[in-house]
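Enquirer: First, the structure itself, so that you have it in front of you.
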Amino acid sequence: MAAMMQPQIILLKEGTDTSQGKAQLVSNINACTAVADVVRTTLGPRGMDKLIHDDKGNVTISNDGATIMKLLDIIHPASKILVDIAKSQDSEVGDGTTTVVLLAGEFLKEAKPFVEEGVHPQNLIRSYRTACNLAIEKVKELAVSIEGKSLEEKKSLLAKCAATTLSSKLIGGEKEFFASMVVDAVIAIGNDDRLNMIGIKKVPGGTMRDSFLVNGVAFKKTFSYAGFEQQPKKFVNPKMLLLNIELELKSEKENAEIRLSDPSQYQSIVDAEWNIIYDKLDKCVQSGAKVVLSRLAIGDLATQYFADRDIFCAGRVSEEDLQRVSAASGGTVQTTVNNIIDEVLGTCEIFEEKQVGNERFNIFSGCPSGRTATIVLRGGADQFIEEAERSLHDAIMIVRRAMKNSTVVAGGGAIDMEISRYLRQHARTIAGKSQLFINSYAKALEVIPRQLCDNAGFDATDVLNKLRQKHALPSGEGAPYGVDINTGGIADSFSNFVWEPSVVKINAINAATEAACLILSVDETVKNPKSESAQGEAAAGAMGGRGGGGFRGRGRGMRRR
């Protein structure tokens with residue numbers, strides 16, 4: 001009786017949702033599998049694309065794993081981990097985002113029956129970590145170095161890596177054309193790590209084949225005033241002056257007040273304003289520069305003044321473009337026009353303004369430092385060009401990685417099958433339960449070739465059996481064999497030039513295993529009901545606060561009569 005009278009202990013707020021134990025873990029695994037199923041069909045050269053329509057009405061067509069995961073807006077707490085690993089794979093290596101989500105989903109799927117049978121998650125985690133280390137060692141062992149080759153050989157090897165990445169994208173039909181363009185762009189920026197040194201400009205219209213690479217900088221013609229058309233549009237070896245100041249008549253700042261005792265003094269104040277601007281323009285002309293670029297506005301007076309003196313000028317150039325011109329031409333961005341010396345002026349071989357589609361572009365080519373390149377993309381629809389840009393970003397990242405960590409492995413599921421075989425073999429030497437767990441890890445790795453077959457419409461079981469037989473040959477000659485997407489059989493991926501940098505695989509296996517272990521180690525989820533409503537209120541408050549003061553402009557006051 002005394003036991004029944006004991007008071008109930010309340011630890012958490014009323015309405016808090018807690019779920020724990022085996023059911024909770026299985027529910028998390030199911031949620032992650034559902035996320036992996038979303039991107040499953042986008043893997044490989046025959047992968048399908050997803051059309052995502054968000055609440056603002058923007059439409060995105062993509063088959064890049066990271067882009068899809070970002071746009072999905074997942075709210076399940078455990079599945080968010082998969083979004084994070086896709087993002088980290090994208091920022092670290094650039095490609096393999098779908099692979100990493102698929103692998104993590106598959107590791108969890110294979111762990112599910114063990115969890116349901118009552119195996120402790122820590123045993124699974126320990127075995128998965130062991131298997132991960134073994135797999136990564138095997139990748140490093142199988143990797144082939146491309147160091148020490150001549151520039152031409154290296155170029156063609158890097159182009160093969162880029163083509164493998166592009167083959168699974170929308171622009172896969174023109175992968176050779178774009179692969180060589182990407183390799184040239186990456187080699188042009190040399191050892192510079194900043195990705196923004198490769199500019200990608202999008203111009204709707206034309207076909208993909210009309211895209212071109214500028215060894216230098218290209219940007220859209222900026223807003224211009226009268227007099228712009230009289231300026232010369234082509235120079236050979238011009239000097240370039242880069243500014244971060246406005247070259248136009250400015251009204252006095254913030255309600256300045258001047259008291260005059262004599263009306264004739266008014267003219268002297270007006271003259272002073274004009275003298276200031278003319279003085280600035282004179283100094284620009286005396287510097288000997290033939291091209292003047294500024295991040296801020298260059299007004300109509302300045303435009304006409306430069307046109308009369310055969311100087312080209314462009315105002316309101318974006319910060320990024322100006323930085324790239326500065327890096328390429330060797331010029332320095334100036335915040336004043338006083339004391340301009342030759343050292344701060346940039347130069348290039350040819351500057352010209354060209355018509356691209358219905359846009360006009362200012363193109364600087366043959367720059368001395370040459371640490372920059374611009375790809376001008378053409379194509380039919382806007383969404384198509386957006387997706388082409390994302391695809392090229394992946395290819396650029398891959399080529400950069402391959403140049404830094406110059407080892408490659410066979411793609412097309414070959415490396416996954418080989419690791420799978422190696423782990424199965426290794427598992428037989430282990431006594432105890434972990435033999436089963438490492439075996440299930442090995443089986444999960446087969447998801448990559450299986451999915452490649454499914455997406456291309458081939459019989460996955462048949463192809464996988466052929467691959468298993470080939471990889472099991474004692475001589476080891478079957479190691480580079482992967483799925484042949486064109487025939488539906490198997491082929492030597494290495495001799496077919498289906499390559500990917502080993503760092504992509506190592507990163508993917510590492511991240512997927514970490515994510516799977518993290519989800520397996522969670523045994524309880526506590527959901528605070530207050531936090532959700534508080535978040536909603538905070539967001540609404542922030543919006544209200546921003547909107548209230550957001551419309552105060554700094555225009556000129558009304559003229560008093």
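The values are calculated or read from the model by the stated rules, or taken from the named source; none is laboratory data. Bear in mind that the values here come from a model prediction, so they are computed numbers and not experimental data. Here Cβ is always computed from backbone atoms with ideal geometry, including for glycine, and neighbour counts include all displayed protein chains. Note: areas computed on protein heavy atoms with side chains; ligands, DNA, RNA excluded. Shrake-Rupley method; radii C 1.70, N 1.55, O 1.52, S 1.80 Å.
Enquirer: Regarding region 417-437, can at least one residue be identified that is assigned to a helix (DSSP H, G or I) and either touching a strand residue (DSSP E or B) at 6+ places or on another chain (Cβ under 9 Å) or not assigned by the TED database to the domain that holds Ala104 (or both)? Step through it out loud before you land on a result.
Expert: Initially, region 417-437 is screened for residues assigned to a helix (DSSP H, G or I), giving 417-427, 434-437.
Checking which are either touching a strand residue (DSSP E or B) at 6+ places or on another chain (Cβ under 9 Å) or not assigned by the TED database to the domain that holds Ala104 (or both) leaves us with 417-418.
Checked region 417-437: at least one residue is assigned to a helix (DSSP H, G or I) and either touching a strand residue (DSSP E or B) at 6+ places or on another chain (Cβ under 9 Å) or not assigned by the TED database to the domain that holds Ala104 (or both).
Enquirer: The conditions are (1) under 22 Å from Glu349 (Cβ atoms); (2) open to solvent by 10 Å² or more (accessible area, probe 1.4 Å); (3) in a strand (DSSP E or B); (4) not basic (Lys, Arg), and Leu242 fails exactly one of them. Which is it?
Expert: (2)
Enquirer: If you take the residues of region 14-47 that are in a loop (DSSP other than H, G, I, E, B) and either modelled with pLDDT under 85 or touching a strand residue (DSSP E or B) at 6+ places or on another chain (Cβ under 7 Å) (or both), which of them is nearest to Val522 (Cα to Cα)?
Expert: As a first pass, look at region 14-47 and keep what is in a loop (DSSP other than H, G, I, E, B): 14-16, 41-47.
Among the residues that remain, those that are also either modelled with pLDDT under 85 or touching a strand residue (DSSP E or B) at 6+ places or on another chain (Cβ under 7 Å) (or both) are: 14-16, 42, 44-47.
Numbers: Glu14: 23, Gly15: 22, Thr16: 18, Thr42: 29, Gly44: 32, Pro45: 36, Arg46: 36, Gly47: 33 Å.
That would be Thr16.
Enquirer: Could you check region 46-84 and list, in sequence order, the residues that are surrounded by fewer than 16 Cβ atoms within 10 Å (Cβ to Cβ) and among the small types (Gly, Ala, Ser)?
Expert: If the condition is that a residue be surrounded by fewer than 16 Cβ atoms within 10 Å (Cβ to Cβ) and among the small types (Gly, Ala, Ser), then Gly57 is the only one that fits.
Enquirer: Test of understanding: among Ser440, Ser365, Ser391, Ser406, which residue is of a type in the set (Gly, Ala, Ser), within 30 Å of Pro113 (Cβ to Cβ) and open to solvent by less than 50 Å² (accessible area, probe 1.4 Å)?
Expert: Values: Ser365 fails: within 30 Å of Pro113 (Cβ to Cβ); Ser391 fails: within 30 Å of Pro113 (Cβ to Cβ); Ser406 fails: within 30 Å of Pro113 (Cβ to Cβ).
After ruling out the rest, the residue left standing is Ser440.
Enquirer: I'd like to know if region 186-201 contains one or more residues that are open to solvent by 30 Å² or more (accessible area, probe 1.4 Å) and part of a strand (DSSP E or B).
Expert: yes
Enquirer: Same structure, new question: Evaluate the following for Gly457: is it surrounded by fewer than 23 Cβ atoms within 10 Å (Cβ to Cβ), more than 26 Å from Val399 (Cβ to Cβ), free of Cβ contacts under 8 Å to residues at least 12 places away in the same chain and not aliphatic (A, V, I, L, M)? It would help to see each step written out before you state the result.
Expert: Numbers: surrounded by fewer than 23 Cβ atoms within 10 Å (Cβ to Cβ): yes; more than 26 Å from Val399 (Cβ to Cβ): yes; free of Cβ contacts under 8 Å to residues at least 12 places away in the same chain: no; not aliphatic (A, V, I, L, M): yes.
In short, no.
Enquirer: Having 3 or more residues that are crowded, with 17+ Cβ neighbours inside 10 Å and assigned by the TED database to the domain that holds Leu392 is the bar; report the helices (runs of 4 or more DSSP H) wholly within region 85-183 that clear it. Steps first, answer last, please.
Expert: Numbers: elements: 97-116, 121-142, 151-166.
Filter on region 85-183 gives 151-166.
Enquirer: State whether one or more residues within region 445-453 are open to solvent by less than 10 Å² (accessible area, probe 1.4 Å) and over 30 Å from the mean Cα position of the chain (by Cα).
Expert: No.
Enquirer: Considering region 460-502 alone, what residues qualify as being touching a residue at least 24 places away in the same chain (Cβ under 8 Å), open to solvent by 70 Å² or more (accessible area, probe 1.4 Å) and either in contact with a His (Cβ under 8 Å, 6 or more places away or on another chain) or more than 19 Å from Ala163 (Cα to Cα) (or both)?
Expert: Lys466, Arg468
Enquirer: Can you name the residue in region 469-504 that is of a type in the set (Phe, Trp, Tyr) and not in a loop (DSSP other than H, G, I, E, B) and, of all such residues, is nearest to the chain's Cα centre (by Cα)?
Expert: Trp499
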